[in-house]
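Bear in mind these aren't lab numbers, they're just calculated from the coordinates by the rules spelled out. What you are looking at is a predicted structure, and each value in this text was computed from that prediction instead of being measured. Cβ placement follows ideal geometry from the backbone for every residue including glycine, while neighbour counts extend to all protein chains displayed.
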Amino acid sequence: MNKDRNFSLIIIILIAIGVLSTIYIIINPQPSEKFTEFYVLNSEGQAGNYPVNLTTGEEGKLIMVVVNNEYQNVNYRLVANLDNSTIYNEEFTLSNNEKKEIPLDFTAQTLGTQKLEMFLYTLPDTSNDYRYLFLELNVS
């Protein structure tokens, strides 16, 4: 009879530990993967139909989007180059889950294929881009 009582007590303790562990996990979930979203939208705020076929002197419009999912404040630098000439350069800070939409207007200057490159850096590192996007423009 004493063995049954001890066995019951052990079962009750194990159930209590299981319930408390479950409650702890629900209240304090572990953060998922840390990352930054970096993508481009067209001028209407949609993915696709980017202004890649332009005539000389025609203006293209894009929206560059950065979303911080790093679980901490992050300092970023965003640089956009059109054929190796800087057309946008800004530093900014985003808190966790904060989103920044940056309009980018550019003008096709020369005939042929041009490369629009967008570099996202996490400061203080400005040597290694954290994220990179590009569009090839066909200028006629």
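A compact table of results
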| quantity | calculated |
| --- | --- |
| Additional length obtainable on full extension of the chain from Ile13 to Ser127, 0.36 nm per residue less Cα span | 35.5 nm |
| Low-density loop positions, chymotrypsin sites (Phe, Trp or Tyr not before Pro), segment 24-107 - DSSP coil, at most 16 other Cβ in 10 Å | Tyr71 |
| GluC sites (Glu not before Pro) within segment 1-47, DSSP loop, no more than 16 other Cβ atoms inside 10 Å | Glu33, Glu44 |
| Student exercise, the chain dipole from Lys, Arg, Asp, Glu Cβ charges, in Debye to nearest 20 | 840 |
| Rounded FRET efficiency, nearest 0.05, which uses the C-beta distance separating Ile26 from Glu90 and R0 of 35 Å | 0.30 |
| Euclidean distance between Cα centres, segment 95-140 to segment 18-85, Å | 12 |
| For Cα Rg over 2.2 N^0.38 Å, calculated from these coordinates, the label among [x] 1.79; [y] 0.98; [z] 1.06 | [x] |
| 0 to 90° range, to nearest 10: angle between helix 2-27 axis and the chain longest Cα axis | 20 |
| Dipole of the chain [Lys/Arg +1, Asp/Glu -1 at C-beta], most positive-end residue of Ile102, Thr36, Tyr132 | Thr36 |
| Long-range HN-HN contacts of Tyr130 with modeled amide H, under 5 Å | Leu120, Tyr121, Thr122 |
